[in-house]
1. Taking Cα atoms of the stretch 255-373, Rg/Rh with Kirkwood Rh, to two decimals?
2. Using a Cα-Cα cut-off of under 16 Å, which lysines could be cross-linked to K121, ignoring same-chain neighbours fewer than 8 residues away?
3. Can you check what the net charge comes to around Q81, using other residues whose Cβ is under 12 Å from the Cβ of Q81 (Lys, Arg +1; Asp, Glu -1)?
4. Mind ranking 210-216, 190-196 by how tightly packed they are, going by the mean number of other C-beta atoms within 10 angstrom, highest first?
5. Distances longer than 15 Å among the Cα atoms of the stretch 226-269: what percent of all pairs is that?
6. Grab the alpha carbons of the stretch 35-204, take their convex hull, and tell me the volume per residue in Å³.
7. Compute the convex hull volume of the Cα atoms of the stretch 1-90, divide it by the residue count, and report the result per residue in Å³ as a whole number.
8. Could you grab the Rg to Rh ratio for the stretch 66-135? Cα atoms only, Kirkwood for Rh.
Amino acid sequence: MADDSDGMLSWDESVFRDEHVFEIDYVPEAFRHRESQLQTLQYALRPAVRGNRPLNAIVRGPPGTGKTTAIQKLFGELGGQPGVRPVRVNCQVDGTRYGVFSRVFQSIFDYEPPSSGVSFKKLFGQVADRLVDEEEVLVVALDDVNYLFYENEASDTLYSLLRAHETHPGAKVGVVLVSSDTDLDVVEALDGRVQSVFRPEEAYFPVYDREEVADILGERVRVGFRDGALPMSVLDRVAEQTAEAGDLRVGIDMLRRAGLHAESRASETVEVEDVEAVSERARNHRLTRDIEALSDVERALLETVAEHDGGRAGDVYDAFAERTDLGYTRYTELVNKLDRLDLIDARYESLEGRGRSRTLTLAHDAEAVERRL
Ligand SMILES: Nc1ncnc2c1ncn2[C@@H]1O[C@H](COP(=O)(O)OP(=O)(O)OP(=O)(O)O)[C@@H](O)[C@H]1O
Ligand SMILES: [Mg+2]
C-alpha cells in the first residue's frame, strides 16, 4: 500500500495480493471441515493404489459444499500413484455415455477421439484393452452426474463402466458419482440391472455453517487480499450472506467483486458498502452459471417461459414450437430439466372442467433471468 497513506489507491496498486484465488478454477491449498468425507473416499479408493478394484462411491450434497474440490484433491494424489488412472468428467459438459468415454479415452491416449464416426463399442474396446494391457486401475468420477440422469444416459454409462470386466476380463474400474441435486435419489433412479452391481460407499457434504464459512473465507482473504485490506467486520458480513445462501461460491464471488468495487472507488480497504453494492450479483452467481451452461434450445425455452410467465404448458409449447421444430415429448423433457435445475417451477394445477394441467413460472426474478439471457 502507498506509503504516503491517504487511503487512496493509485493505478498500479491493488487491494489484492493474488486475485487468482477467487477464480472458479482455483483449487485451494487448505481444505478444512471435510475430514470425514475425505476419509470415506480414501477408504473406498485405497484398493486402487494396490492394483485392485476400488469400492464405488457416491458423493452427495447441495451446490458449493466442496464436492468437486474433494475429488480434485483426492485425484491429484491418486494421479501420482503408479498403476492408477483417475479421471474426473464434468457431466454438465459431457452429458452422454459417449462423451464420458471420450473424456476417459483422452486421458489415456492424450488425444480426443472423433466426436462421431467411431462406434461406442470401438471407443470402449480401446479404453478397456489399454487398461488391461497396462494393468492400470481406472477410477472415474462422474461429477454433476445429475446431468446424465436429466439426459437419460446415467444407467447406460454406469452399466458400461461397472461391467467392463465382463467384456474385457482383467479390466478394473471404480466409479465415484457426484450429485448436487438433493431431490434426486441416485441409486433409486438407476435401472435394476445397474443397481444390482452398484453398492456405493456414501459421503454426504452438508452446507457449511456460518463459522465454517467464516473460517474458509478468512483463509481465502489471507491468501488473496493484502494485509489489512479486508477487515474482519466486512468478512463477517460476507460470511453471513454466504451462510444464508448455503453456497460457498457466493462468498468467494462476493469477496472478489467487493475488492474490485473498492478499487473502483480507489479505496485501499474494502468496506461493508462495497459488499452491499455487489451482493445481489454475487447471490445470483449460481443463476448466471446455470444459464450459461444451457444449450440453445434450453435457453430458447427459458426465454419462452419468461415471455409467458405463469402460462399453461400447452400454450407455452405453442409459442416454443414457433421458434424450434421440437415435438411435445422433447419439450416435456426440457421442461422437466429446467424444473430440476430450479430455473422454472412446473406445477400441476387443476383447471375447472379440463383436468390437470401444468403451469410454468420462472423460479427467479424475471428481470434477473432476462438480464442473463
Ligand atoms: N473446505 C473448503 N475450503 C476451501 N475452499 C472450499 C472448501 N469447500 C469449498 N471450497 C471452495 O468453494 C467453491 C465451491 O466448491 P466446489 O466447487 O467443490 O463445490 P461443489 O460441491 O462441487 O458444488 P456444485 O455442486 O455446485 O458443483 C470452490 O471455489 C472451492 O474452492
Ligand atoms: Mg461441483
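1. Using only Cα positions, Rg/Rh for the stretch 255-373 is 1.15.
2. none
3. Local charge sum for Q81: +1.
4. With the highest mean Cβ count within 10 Å placed first, the list reads 210-216, 190-196.
5. For the stretch 226-269, the fraction of Cα-Cα distances above 15 Å is 42 percent.
6. 106 Å³
7. So the per-residue hull volume is 163 Å³.
8. 0.99
Throughout, read-outs are computed from the coordinates displayed, never taken from laboratory work. As the structure is a computational prediction, the values presented were derived from the model and not from experiment. All Cβ positions, even for glycine, are placed from backbone atoms using ideal geometry, and neighbour counts span all protein chains on display.
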